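Asker: One structure is given below, represented as structure tokens, and several questions about it will come after.
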Amino acid sequence: MPGLDRDTAREWIERWDRQQEESLPDREDRFTALIDAIEEGTGRPDPLVLDIGCGPGSLGIRLLARLPRARVIGIDADPVSLTLGRAAYSDVPGLRFADLDLRVPGWAARLELGTRAPDAAVSTTALHWLPEPELRAIYAELASVLRPAGLLLDGDHFTLDAKEFPVLARLDRALREREDQRRFPGGHAENWHAWWDAAAADPALAAHVAERARRRVEAGHHVSESTLLATHVEALRAVGFAEVGTLWQRGDNRLLCGILPAAT
């Protein structure tokens, strides 16, 4: 199988970022807000951060550019993303990737963190894929591993419950659709599916794409209840996060923050 050099891996990640930004025009703004919250909320120049569902490391690499003394552990079960991230960023101090399935209980213990409890956990456009029971289990595990007063920061499209807020939910969807039509009247240059088709056709990635299918990484995707804002807020409160709220928002694109109680 052909090898994947650093420059080629970074080209694939740049292509990934472009197609992500087409569906999420405020992606960089949300990254910036999240990193601001890490810098301010952890209160230290060298935070230990868990990047949940990290993909190829797009958030982690931006966080380390701002906070070079930080340590970021990117966690994912997707062999394509992990292969790209490791090939592209093997020379970046403070960043490592862990091949773990967050749906399997006990994943946090397999990180071998030692005595240092993570200061924060972050995620972007990832956790809405999970069925609600698995989402709740992940939040419970994070609550057990983060330090007192630790942060959970999750950036995603969080929808409103149409039964409770029918007009607001409809307007949320309509505003996003209208903006997309204004920005891309002729359609998108490359969408999520087209990127994966191209990756499968690249000899350097084809075997990893096949392994991704074997692992059933996408099993359980598109489960609607985990897109609801209320589902995440209630789940975080249920496992002990003392404060839960939105730090940044544009339409249904939100940065949700949960804060654990401080040590007594």
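Asker: With 51, 46 as the choices, which residue is within 21 Å of residue 111 (Cα to Cα), free of Cβ contacts under 8 Å to residues at least 60 places away in the same chain and acidic (Asp, Glu)? Show your work before the answer.
Answerer: On the way: 51 fails: free of Cβ contacts under 8 Å to residues at least 60 places away in the same chain.
Sole residue among the options that is within 21 Å of residue 111 (Cα to Cα), free of Cβ contacts under 8 Å to residues at least 60 places away in the same chain and acidic (Asp, Glu): 46.
Asker: Could you grab me the full set of residues in the range 176-221 that are surrounded by 14 or more Cβ atoms within 10 Å (Cβ to Cβ), at pLDDT below 90 and among the small types (Gly, Ala, Ser)?
Answerer: Once the filter is applied, which keeps residues that are surrounded by 14 or more Cβ atoms within 10 Å (Cβ to Cβ), at pLDDT below 90 and among the small types (Gly, Ala, Ser), the range 176-221 yields only 220.
Asker: Quick one: residue 237 ticks every box in (1) charged (D, E, K, R); (2) farther than 21 Å from residue 103 by Cα; (3) surrounded by 14 or more Cβ atoms within 10 Å (Cβ to Cβ) bar one, so which box is it?
Answerer: (2) is the only condition that residue 237 fails.
Asker: Find the residue count for the range 240-253, including only residues that are modelled with pLDDT under 95, part of a strand (DSSP E or B) and open to solvent by less than 50 Å² (accessible area, probe 1.4 Å).
Answerer: Selection size over the range 240-253: 1.
Asker: Just to be sure I understand, how many residues within the range 1-46 are in contact with a Pro (Cβ under 8 Å, 6 or more places away or on another chain) and either outside any helix (DSSP H, G or I) or at positive phi (or both)?
Answerer: The number of residues fulfilling the criteria is 2.
Asker: Which residue pairs have Cβ atoms closer than 6 Å, lie 6 or more positions apart in sequence or on different chains, and pair a first residue in the range 192-206 that is closer than 17 Å to residue 10 by Cα with a second residue that is part of a loop (DSSP other than H, G, I, E, B)?
Answerer: 199/205; 203/2; 204/2; 204/4
Asker: Across the range 158-175, which residue is farthest from residue 21 (Cα to Cα) among those that are surrounded by 17 or more Cβ atoms within 10 Å (Cβ to Cβ) and either in contact with a strand residue (DSSP E or B) (Cβ under 7 Å, 6 or more places away or on another chain) or without any contact (Cβ under 8 Å) to a residue 60 or more places away in the chain (or both)?
Answerer: The residue in question is 169.
Asker: Tell me the residue from 237, 214, 178 that is within 23 Å of residue 21 (Cα to Cα) and assigned to a helix (DSSP H, G or I), please.
Answerer: Criteria check complete, one pass: 178.
The values are calculated or read from the model by the stated rules, or taken from the named source; none is laboratory data. Fair warning: this is a prediction, and the values are worked out from it, not measured in the lab. Because the Cβ atoms are built from the backbone with ideal geometry, glycine has one as well, and the counts that use them run over all protein chains shown. Protein only, heavy atoms only, side chains kept; ligands, DNA and RNA dropped before computing areas. Shrake-Rupley method; radii C 1.70, N 1.55, O 1.52, S 1.80 Å.
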